[in-house]
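Trainee: Handing you a structure now.
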Amino acid sequence: MLRITLFLMVAALACQAAPASDDEAADHLYRSVIIADYETALSQSKELEKEKRGKVISKTVDKLLNQDKQKLMYYAYYLWNHDAQDIVKNDFPIEFRMIFGQLTVKLLNKKFGMRLKVGLKTDSDGERTVYGDSGDVGNRAVWQFMNVDASDKKVYFKIYNPSDNQFLKTGNSADAYNDHPIYTSTNSDTYRHQWYLEPVVYNKEILFYVINRKYSQPLKLAQSTDSDGDRQAYSHGEDSSGAPERFGWKIERS
């Protein structure tokens with residue numbers, strides 16, 4: 001009798017740990033992420049991948065994209081840093097592999113179709129102004145996301161330009177609109193050099209808000225062009241809700 005009871009208990013636990021249907025498994029995984037139980041989400045994800053049920057993870061990712069974007073970023077970060085990089089590579093949108101794998105990428109502003117680039121000239125502090133450019137400017141428009149911190153359930157990055165060995169940052173001073181101009185600098189030791197990403201689906205395309213840690217302002221391009229046809233980059237100081245086209249950036253492989 002004792003053996004039968006133990007067998008039934010083990011069987012019940014097995015059923016609870018491994019839901020029979022994909023929908024049930026996706027619900028269980030989603031709940032783990034939503035309540036920030038990332039350790040459980042990790043074990044569930046590894047088991048699903050082992051069972052070749054990656055589509056369950058992809059379904060969960062799609063749901064998080066629509067309902068809890070910051071939890072999605074932290075979930076990807078947790079997987080990547082706990083021996084589950086293949087899950088991110090196989091079951092997440094390709095942009096997550098580029099971000100967490102520190103691959104070289106280009107950042108394309110959705111509204112203006114311009115790539116983020118560093119200027120040619122340095123100022124008296126050795127810093128470069130950052131612009132949007134619609135042409136081909138080579139390595140000046142190449143970036144890498146370098147993970148530096150994960151606190152308050154947000155994942156923070158430094159955005160590095162390998163061509164000039166400099167990091168993206170906001171300026172100290174704001175203009176009349178509370179916008180901060182964007183530069184690159186060799187040092188990278190302040191919160192002005194750190195950014196977090198918020199994915200957004202716009203017209204069935206995955207874009208990202210690139211938001212500064214210091215000021216909680218999203219990266220944008222100026223409305224007007226300069227004499228070269230470029231648009232200077234700023235962080236946006238006013239309300240940015242509901243504007244994925246202007247503040248959304250597409251991440252492309254360089």
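The values are calculated or read from the model by the stated rules, or taken from the named source; none is laboratory data. Note that the coordinates shown come from a computational prediction; the quantities given were computed from them, not determined experimentally. Every residue, glycine as well, gets a Cβ built from its backbone with ideal geometry; the counts of neighbours run over all protein chains shown. Remember, those area values only see protein heavy atoms, side chains included, never the ligands or the DNA or RNA. Shrake-Rupley method; radii C 1.70, N 1.55, O 1.52, S 1.80 Å.
Trainee: Does Asn147 meet the test of being at pLDDT below 95, open to solvent by 20 Å² or more (accessible area, probe 1.4 Å) and of a type in the set (S, T, N, Q)?
Mentor: Yes; evaluated as a whole, the condition is true for this residue.
Trainee: A further question on this structure: Between a first residue in region 12-29 that is open to solvent by less than 60 Å² (accessible area, probe 1.4 Å) and a second residue that is modelled with pLDDT of 95 or more and of a type in the set (Gly, Ala, Ser), which pairs have beta carbons less than 7 Å apart while being 6 or more apart in sequence or on different chains?
Mentor: Listed pairs, sorted by first residue: Pro19/Ala25; Leu29/Ala41; Leu29/Ser45.
Trainee: For Asn212, state whether it is more than 17 Å from the chain's Cα centre (by Cα) and either loosely packed, with under 12 Cβ neighbours inside 10 Å or not aliphatic (A, V, I, L, M) (or both).
Mentor: Judged against the criteria, Asn212 is not a match.
Trainee: Would you confirm whether or not region 169-181 contains a residue that is free of Cβ contacts under 8 Å to residues at least 24 places away in the same chain and under 21 Å from the mean Cα position of the chain (by Cα)?
Mentor: no
Trainee: Still on this model: For region 215-239, which residues satisfy the criterion of being open to solvent by 30 Å² or more (accessible area, probe 1.4 Å) and not in a loop (DSSP other than H, G, I, E, B)?
Mentor: Arg231, Gln232, Tyr234
Trainee: Within region 43-62, how many residues turn out to be assigned to a helix (DSSP H, G or I) and either at pLDDT below 95 or open to solvent by 40 Å² or more (accessible area, probe 1.4 Å) (or both)?
Mentor: 9
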